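Worksheet: one structure, shown below.
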Amino acid sequence: MQRKRQAIPLYMQILLGMGVGIILGVIALYVNAETFISNWITPWGQLFIRMLRLIAIPLIFVTLVKGIAGLKDISKFSRLGIKTLLVYFCFITISVVFGISLGLTVRPGALVNQEIAAGLQETYQSLIAQKTEEAGQVQGQGPLSFLNDLVPDNIISAAANNSAILQVIFFAILFAVASLLVPQEKVKPVVDFFDGLNEIILKMVAFIIRLAPIGVAALMAGLVTDFKGDGSLFSALGLYALTVALAMLIIMYVFYPLMIRLFSRKVGVKAFLRAMYPVQLFAFTTSSSAVTLPVTMKTVEEELKVSKDVSSFVLPVGVTVNMDGTACYQAIAILFISQVLGVDLTLTQILTVLFMTVLSSIGTPGIPGGTYVILAMVLTSVGIPAEGLALIIGIDRPLDMLRTAVNVTGDAAVACMIDKKETGPRLTEPT
Ligand code: ASP
């Protein structure tokens, strides 16, 4: 009964919110009510972004601890874990490097009308100037100064600083790895505690994401008035969406097949892609790699004949850790926002984007729109105003669907690569 009232799915509500926001903005432009929008409507969008940032640190911390501490069985960890994590890490890094290269080559943000962009830059000038100065200071330091940004000297102050996300990630990883090395009966209460905490935080994230339609409407209305109805934002957004879609298709249909061909003794490319098709469709429609996990497991075990031993380890870890689609997407999104806001990223900042995106995609939950929370945080840490998220959040849903399909395909590809045990001839057709 209760379900009936939610007849409009969230992504439709978000699209509707986007439409309402655009209409509101256009009306405001016609009746000269821009001040009304900036005083009474935009703050609701900013509130939404504040809430995303509010939940980011707890989310990243708990997701990472749960992901790593959940590995429990240390013997399995040393047998399979190190290899799996290494492959995941390589895949994520390649995806991010690819995303950065594409973002820098296509430069979708540069399509925005220069005059309008200059206006936007003025709005965020003080913030950008402050961050650029900070970046300059970093450049003036020694080559190993990034280690200071990585290792906190006080975890409370790191957790209290929205731009110290890397330090929180560092602490979480150290904490979780230590928990693997302590006798399991001793850490069980802690692991159970984190399991519970994870559920609560994911529920909080779900609450916040439910507010997305209102947030998107408010942000969109503000954008339309900021852009004075100029259409160049929409062409820039169109090119940005195309860039993301192209990147996702290349990872899914070129990169993974290549990896399967080179490293999987289990399965051929055709068989892999054919077996994965229903899983990708499921991920595409649900936009959640976590919800897709049972379907991924079933397919990987039954169709791709990967041993249960491998799949039951590689896939659940992959859902938390390995998000190639999300990682590549985050890199393109950050570059797009920086291009629109005229933040010229230095090489150091681009490397920071690379580093941060690799690590923070690991902390992204496998739920619809899980990226928003993380992206708001990463933007702040690389010195781009998180308000820039307003630019892309309206059209995010279809891109989320695509990157989720990539995320689950990546997990399955790694499972096939890790499962070296030969159980008969190489599978070239799905059974
Ligand atoms: N929806 C994605 C997933 O579940 C996460 C994200 O990129 O927002 O894999």
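General remarks:
- Selection status of Ala221, surrounded by 23 or more Cβ atoms within 10 Å (Cβ to Cβ), in contact with a Phe, Trp or Tyr (Cβ under 7 Å, 6 or more places away or on another chain), assigned to a helix (DSSP H, G or I) and among the hydrophobic types (A, V, I, L, M, F, W, C): no
- Looking only at segment 60-87, and only at residues there that are at pLDDT 75 or above and of a type in the set (D, E, K, R), the one that is nearest to the chain's Cα centre (by Cα): Lys66
- Any hit, segment 372-384, residues being within 12 Å of the ligand (Cβ to nearest atom), closer than 23 Å to Phe255 by Cβ and in a helix (DSSP H, G or I): yes
- Within segment 287-313, the residues that satisfy the criterion of being within 16 Å of the ligand (Cβ to nearest atom) and either part of a helix (DSSP H, G or I) or farther than 27 Å from Ile395 by Cβ (or both) are Ser289, Ala290, Val291, Thr292, Leu293, Pro294, Val295, Thr296, Met297.
- Neighbours by Cβ (under 6 Å, 6+ apart or cross-chain): first from segment 392-418, within 15 Å of Thr320 (Cα to Cα); second of a type in the set (D, E, K, R): Val406/Asp324; Gly410/Asp324
- Scan of segment 314-327 for residues that are hydrophobic (A, V, I, L, M, F, W, C), within 10 Å of the ligand (Cβ to nearest atom) and part of a helix (DSSP H, G or I), ordered by number: Val319, Ala327
- Among the residues of segment 230-286, those that are assigned to a helix (DSSP H, G or I) and polar (S, T, N, Q) comprise Ser232, Ser235, Thr243, Gln280, Thr285, Thr286.
- When every residue of segment 137-149 is checked against the conditions, at least one turns out to be at pLDDT 65 or above and surrounded by 14 or more Cβ atoms within 10 Å (Cβ to Cβ).
- No other residue among Leu335, Leu341, Leu347, Leu359 is closer than 24 Å to Leu242 by Cβ and modelled with pLDDT under 85 apart from Leu341.
- Test: residue in segment 402-421 that is within 16 Å of the ligand (Cβ to nearest atom), modelled with pLDDT under 90 and part of a helix (DSSP H, G or I): no
- Conditions (1) among the aromatic types (Phe, Trp, Tyr); (2) more than 21 Å from Ala386 (Cα to Cα); (3) in contact (Cβ under 8 Å) with a residue 24 or more places away in the chain: number failed by Tyr240: (2)
- Scanning segment 271-282 finds no residues that are farther than 24 Å from Asp400 by Cα, out of contact with any strand residue (DSSP E or B) (no Cβ under 6 Å at 6 or more places or on another chain) and modelled with pLDDT of 90 or more.
The values are calculated or read from the model by the stated rules, or taken from the named source; none is laboratory data. Not measured: the values here are computed from a predicted model. Every residue, glycine as well, gets a Cβ built from its backbone with ideal geometry; the counts of neighbours run over all protein chains shown.
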